[in-house]
Amino acid sequence: MNTGDMAISVRGLTKTFGSRTVVDHFDMDVPKGAIYGFLGPNGSGKTTTIRMMCGLLIPNGGSGQCLGYDILTEPQSIKENVGYMTQRFSLYEDLTIRENLDFIARMYRMKNRKTDVDDALKGLGLTDRANQLAGTLSGGWKQRLSLACCMLHDPQLLLLDEPTAGVDPKARRDFWDEIRRLSAKGVTVLVSTHYMDEAVQCDYIAYIAYGKKLIDGPAPDIPDMIGLNTWRIEGPNITKMEAEMRRTAGVEQVARFGSVLHVSSTDGAALDRVAAEHRKKGTYHWQKQKGGLEEAFIYLMATATDNFTEPKEAAE
Amino acid sequence: MSFSFTRFGAVLFKEFVQMRRDRITFGMMIGVPIMQLLLFGFAINSDPKHLPTLVEMADQGPVTRAVLMGMKTSAYFNFQGIVTSQEDGDRALRDGSASFVVVIPPGFERDVVRGLAPEILLSTDASDPSAAGAAVGAISGIVDKAVRQTLTGPLHYAASAADPFSVTVHKQYNPEGRTSTNIVPGLLGIILSMTMVMITAVAIVRETERGTMEALIATPVRPFEVMLGKIMPYVLVGYVQTLVFLMAAHFLFEVPFIGSPFAFFAGFNLYIVVNLALGFLISTVAKSQMQAMQISFFTLLPSILLSGFMFPFAGMPGWAQTIGTAIPATHFLRLTRKVMLKGADLADISSDMFAMAIIMLVIVTVALKRYRQTLD
Ligand SMILES: Nc1ncnc2c1ncn2[C@@H]1O[C@H](COP(=O)(O)OP(=O)(O)O)[C@@H](O)[C@H]1O
Ligand SMILES: [Mg+2]
């Protein structure tokens, strides 16, 4: 791929804090205009990676570009052109909604500050509440206001670090509608997330654990890359069956979708033997199917515990 | 590096708005100085010893030597040397290198023997009355005892006279010996230190703790614009506090201000900068606002105890004086007392300014070093 088509392209990014390597030889290519999902358990290094890509942290090793600017030598230009929404709510709670927007507008030395802030307020539907303190907003509104602040200077690239953590499902859906609207306008979006239902909305996926990238590619290709074999089970008393499956050797993953059970394993032969045995009994309806994105993400997420301590065995 | 006044101004303005909305802190910044002034306005008594003393000796006889020996063994006085003129003695009192100057008049012993009741003059820097008080109280007894022990044998008659000699105490700078006069300038140093250090540290740490710092430095704003914008409002707070304080001191305690206002202004600004730098340094260490507050309080303790505010500096043991010398409040205290009570001008406080400048240099160096680390 040509790096000119890439909003972000980094190679071998490495970051150590003290003696701990938190991000380890990380490569990533984010195509322009894409919604790129950045997945990984807590403490796996997502935030650190994003900070390095937008010039907030200096990597110990590696190189790359962000919007055509060198991440090592041109952080100032990157800051001018990127919208970065930090993991935590980062507006001033003791300033009003308008004051927050206005402050950010001044940080970017925007020419038509007043008009742009008014437009942003209108876009948010907060014109009437412009003089309300930001701290009094609900979680979902805070998230939307943060996003509006990041978008105020019209960046071509948005970096969103777990933007929907702790926000109710309705607000999350609205938030993603907004992200897709921005994407349709040509904004590239890199979004780190914990939620599977958000991951499936991305065009591309990268998965990181213990600072190392385990897998990345276009979202539809991910299940094949993982190589998960899946059987679908239907029948009476699915709860009992679920419990039994969790105990069965040869079944690596059990996922329940309503009254349907998906059992998966990377070892297809072993799983097929389990299936054959159960099908003989005939109580349940077993059907082999292609592993979908859902199973793939459950698989990725399930193998991942919090990464705050060193991996026990070889990383993975 | 291009400095943007737009961004600096925005940070400054934001800081003012936040300060105004934080009613409690705002009230404290004005209320605390007055409250403390009232509380500390009451005397704090102590009985300091080993105060630096100079002697102007115009008589060398055994009675004179006995008097000096008696003063020495009383432990109140610590003889540092001889002065030969009154000007030398006055200068030592003004710049604080001596707390007392003892003047033994010419022909002292002869006049005692002749029963002429000569006068010993004890000049004292009474701007710190708790330091001078006890020693002044003790002087008559000490000299009296010394003379009586020396005048034995044929001269016994002279000692048994009603008043073989007299001691005149000459209190300079604070003739009434009022403690509040001395406490008040010192208290200004403590209050400024308390608010400047703590508020700066907390204001910066608050930004990190609430997570707004990361979003802030992700914008094109430069670290220098952030720091300057955050610190400037508190310089103004320091000005307001000082003004309120000086007015309260003037009207409530009638503390004089006889020195050069310009000298005070220069020293005061330097002191504010030192404290802001210290607050800045603390903010690079503290992980939370609570920690910032605690560390600030921790630095405040030596300022209160070892700066000469609570206990007279000259009366402290050597190790405490060494620590005290490294504290900015110590020098600001001396400077303020000299200017307000003793009428000093810029030249008289140059040594204090110099000391503060060195302390500031050290703090700023360490703070900048740490600041670079935390950005990464
Ligand atoms: N400034 C820092 N100093 C030391 N360790 C850090 C710092 N920032 C992050 N870490 C550590 O690096 C690891 C990765 O953190 P992070 O990038 O925040 O992970 P994630 O965003 O995936 O949860 C964590 O173990 C965290 O404790
Ligand atoms: Mg994170």
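Over the protein assembly as shown, the alpha carbon radius of gyration divided by the compact-protein estimate 2.2 N^0.38 Å works out to 1.44.
Summarising the amide proton neighbourhood of B:HIS170: residues at separation of 5 or more, or on other chains, whose placed amide H is nearer than 5 Å comprise B:LEU122, B:SER123, B:THR124. What the phi angles of segment A:173-180 give under the Karplus curve with 6.51, -1.76 and 1.60, with θ = phi - 60°, is a coupling list of 4, 4, 4, 5, 4, 5, 4, 5 Hz, glycine and proline written as x.
Think of a 1.4 Å ball rolled over the protein heavy atoms: segment A:229-290 then has 56 Å² of accessible area per residue. Using the Cβ-Cβ distance between A:ARG88 and A:THR16 with R0 set to 22 Å, the FRET efficiency works out to roughly 0.40.
Dipole check for segment A:1-79: with +1 at the C-beta of Lys and Arg, -1 at the C-beta of Asp and Glu, and the Cα centre as origin, the magnitude is about 280 Debye. Selection among A:HIS285, B:SER97, B:ALA203 by position relative to the dipole of the protein assembly as shown gives A:HIS285 as farthest towards the positive end (Cβ unit charges, Cα centre). Which of the lysines could a cross-linker span from A:LYS212 if the Cα-Cα distance has to be under 21 Å and same-chain partners fewer than 8 positions apart are dropped? Reachable lysines: A:LYS15, A:LYS46, A:LYS312. Legend: mean number of C-beta atoms from other chains within 10 angstrom of residue C-beta atoms, peptide A:107-113, equals 4. The heavy atoms of B:HIS170 present about 90 square angstrom of accessible area, all protein chains included, probe 1.4 Å. Helix A:97-107 axis versus longest C-alpha principal axis of chain A: approximately 70°, rounded to the nearest ten.
Exposure check, 1.4 Å probe, all protein chains in place: B:GLU207 carries approximately 10 Å² of accessible surface. For chain B, the longest principal axis of the Cα atoms and the long axis of helix B:223-253 meet at an angle of about 40 degrees. How large is the accessible surface of A:ARG246 in square angstrom, using a 1.4 angstrom probe and rounding to the nearest 10? The accessible area comes out at roughly 140 Å². Here, segment B:243-359 has an Rg and a Dmax of 15.3, 45 Å when only alpha carbons are counted.
Hey, got the dipole for chain A? About the Cα centre, +1 on K and R Cβ, -1 on D and E Cβ, debye to the nearest 20? Roughly 400 debye, rounded to the nearest 20. Where a ≥ b ≥ c are the square roots of the eigenvalues of the C-alpha gyration tensor, would you call segment A:229-290 rounded, which needs a/c under 1.5, or, failing that, prolate if a/b is larger than b/c, or oblate? It is rounded, given that a/c, with a ≥ b ≥ c, falls under 1.5. From the alpha carbon centroid of segment A:181-196 to that of segment B:332-360 is 61 Å. Note on A:ILE58 and A:GLU80: with the Förster distance fixed at 22 Å, the Cβ-Cβ geometry gives a FRET efficiency of about 0.75.
The sum of -39500 (n - 2.57) across all DSSP H runs of n ≥ 4, divided by the residue count of chain A, sets its helix-only mean residue ellipticity at 222 nm to -10000 deg cm²/dmol. If you count Lys pairs in chain B whose Cα atoms are under 30 Å apart, skipping same-chain pairs closer than 8 places in sequence, the total is 18. Can you classify segment A:38-152 as rounded, prolate or oblate using the Cα gyration tensor, where a ≥ b ≥ c are the square roots of its eigenvalues, rounded means a/c under 1.5, and otherwise it's prolate if a/b beats b/c and oblate if not? Cα axes put segment A:38-152 in the oblate bin.
Applied to segment A:262-271, the Karplus parametrisation 6.51 cos²θ - 1.76 cosθ + 1.60 on θ = phi - 60° returns per-residue 3J(HN,Hα) values of 10, 10, 9, 7, 6, 8, x, 4, 4, 5 Hz, with x for Gly and Pro. In the structure shown, the pairs A:LYS32/A:LYS185; A:LYS79/A:LYS213; A:LYS32/A:LYS122 are assessed against 20 Å; a Cα-Cα span above that value is assigned to A:LYS79/A:LYS213; A:LYS32/A:LYS122.
Using a probe radius of 1.4 Å on protein heavy atoms only, what is the accessible area buried between chains B and A, both sides summed, to the nearest 100 Å²? Chains B and A together bury roughly 2500 Å² of accessible area. Ligands, DNA and RNA left out, the 1.4 Å accessible surface of the protein assembly as shown is 58% carbon and sulfur atoms. This model, with +1 at the C-beta of Lys and Arg and -1 at the C-beta of Asp and Glu, gives chain B a dipole about its Cα centre of some 1160 debye. In terms of its C-alpha gyration tensor, segment B:315-376 has an oblate overall shape, because the principal axis ratio a/c (a ≥ b ≥ c, square roots of the eigenvalues) is not below 1.5 and a/b does not outweigh b/c.
The length gained on full extension between B:LEU252 and B:HIS50, counted as 0.36 nm times the residue separation minus their Cα-Cα distance, comes to 69.4 nm.
The values are calculated or read from the model by the stated rules, or taken from the named source; none is laboratory data. Source: prediction; values computed, not measured. Positions of Cβ are generated from backbone atoms using ideal geometry, with glycine treated the same way; all protein chains shown enter the neighbour counts. Quick note on the areas: whole protein, heavy atoms, side chains included, nothing else; ligands and nucleic acids left out. Shrake-Rupley method; radii C 1.70, N 1.55, O 1.52, S 1.80 Å.
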